Amino acid sequence: MIYLDNAATTFPKPNRVIRAVEKCLSEYCGNPGRGSHPLSLIAAEQIYNCREALSSFLGVEAPERILFTQNTTHALNLAIKGLLKRGDHVLISELEHNAVRRPLYRLGAENAVTFDTFPVVGLPEEAILQGIARRIRPQTKAVICTHASNICSITLPVAAIGAFCHRCGLKLIVDAAQSAGILPIHLKKMQIDALALPGHKSLYGIQGCGALALGEHFLPSPLWEGGSGVDSRSEEMPTEPPERYEAGTLPTPAIVGLLEGVRSLQEEAPDSIAKREKELFVAAKERLLSIPGIHVYAPRQEGAVLLFNKQGVPSVAIGKQLADRGICVRAGLHCAPLAHQALKTPPDGAVRISFGRYNSLADLDALWKALRAE
């Protein structure tokens, strides 16, 4: 099997991640913060170790401002719904995933919140900032944007957007689903108020947890309430993070896997992985464009994700044909219809190949041969 669907979830996982999860499940997987016995205490210590590792990795002020969530979508819902109130207006980029679009659509359907999109595709940094500036209203509360698209390798100038937002008194919420572990992120320097990320993508943890990293002056309202292991007599959630936001039992094995995934990036730095993924992008583009009828979207934006179509062939049909040959890609709209509209793909979307640290040129040769044979 050749795996080229790393934008959905990375595979395979580093051996150290697998070993750490197995050890957790077999030796100490008690309920963290819910007892004074050794298994609970060891689990709680590992969770705090992961908060520390992520806060250092992401430039977050304190480990307590790392909130564990089910995934990036959960983290974005917490940030968005925990910030916005009736009458607020927000701006989002034209490349946003449904994890941003759908929460805002629901808030809009409830006559609570309005939003507009600003253009990104093919624009330099200054033009993107001007597009944001032109759409600001008196009711505008925040800018919500992806750091890196999930359907192509376009990245947004998040640091410049962060500086602009803070000059204008706006909050900045960033979707780092495709950038955490590949692109440099420093919450404080980039003036990001909330950053949502997955554990199971380019941080190489397992599925089951994500995180919301909070900036120094951002404390959203909790998304849900319940037991936290702290001040159980109170009818309200604790007032301070992380307990204020982490009702219920945390996914300890997934958090342990995330911790080891972050540690594995000390063995091979993200910039080294990003460089190799760009090299794979260039090699894949050259191979694909040598096949008649192939169109590559945003071909000059080189990175971990490449989107293409073949003239006259539905994207889903290409995806199935490749799967039948043991090559894993993803076809369709990728939960990002706004982004597909911006890139002007057909109604059925396109085919996405996405690279990870374990892909090779041999994988691309196999892809090329399979597409030529169709």
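The values are calculated or read from the model by the stated rules, or taken from the named source; none is laboratory data. What you see is a predicted model, and the numbers here were worked out from it, not measured in a lab. We place every Cβ from the backbone using ideal geometry, glycine too, and count neighbours over all the protein chains shown. Protein only, heavy atoms only, side chains kept; ligands, DNA and RNA dropped before computing areas. Shrake-Rupley method; radii C 1.70, N 1.55, O 1.52, S 1.80 Å.
Here are some notes:
- From the list VAL282, VAL256, the one residue that fits, being under 23 Å from ALA62 (Cβ atoms) and open to solvent by less than 70 Å² (accessible area, probe 1.4 Å), is VAL256.
- Tally of residues being free of Cβ contacts under 8 Å to residues at least 60 places away in the same chain and open to solvent by 30 Å² or more (accessible area, probe 1.4 Å) across the stretch 163-194: 5
- Qualifying residue in the stretch 45-67 (condition: small (Gly, Ala, Ser), under 16 Å from PRO251 (Cβ atoms) and out of contact with any Leu (no Cβ under 8 Å at 6 or more places or on another chain)): no
- Being part of a helix (DSSP H, G or I) and either closer than 30 Å to ILE273 by Cβ or at pLDDT 95 or above (or both) is a condition met by no residue of the stretch 4-11.
- If you go through the stretch 321-343 and keep only what is open to solvent by 10 Å² or more (accessible area, probe 1.4 Å), more than 18 Å from LEU288 (Cβ to Cβ), out of contact with any helix residue (DSSP H, G or I) (no Cβ under 7 Å at 6 or more places or on another chain) and not small (Gly, Ala, Ser), you end up with ASP324, PRO337, GLN341.
- Checklist (1) open to solvent by less than 10 Å² (accessible area, probe 1.4 Å); (2) farther than 19 Å from THR69 by Cα; (3) not basic (Lys, Arg) applied to LEU197, failing item: (2)
- Residues that are more than 19 Å from LEU265 (Cβ to Cβ) and either open to solvent by 30 Å² or more (accessible area, probe 1.4 Å) or among the charged types (D, E, K, R) (or both) within the stretch 49-76 comprise GLU61, GLU64, ARG65, GLN70, ASN71, THR73, listed in sequence order.
- Any hit, the stretch 217-235, residues being of a type in the set (Ser, Thr, Tyr) and either in contact with a strand residue (DSSP E or B) (Cβ under 6 Å, 6 or more places away or on another chain) or open to solvent by less than 10 Å² (accessible area, probe 1.4 Å) (or both): no
- Of the strands (runs of 3 or more DSSP E) contained entirely in the stretch 257-374, those carrying at least 3 residues that are in contact (Cβ under 8 Å) with a residue 40 or more places away in the chain fall at 305-310, 350-354.
- None of ALA142, ALA211, ALA160 is within 14 Å of the chain's Cα centre (by Cα), open to solvent by less than 40 Å² (accessible area, probe 1.4 Å) and modelled with pLDDT of 95 or more except ALA211.
- Taking each residue of the stretch 33-58 that is β-branched (Val, Ile, Thr) and looking for partners that are in a helix (DSSP H, G or I) and open to solvent by 40 Å² or more (accessible area, probe 1.4 Å) with beta-carbon atoms closer than 9 Å, six or more apart or interchain, yields ILE42/GLU27.
- Considering the conditions (1) more than 28 Å from ARG300 (Cα to Cα); (2) open to solvent by less than 10 Å² (accessible area, probe 1.4 Å), ALA112 is excluded by exactly one of them, (2).
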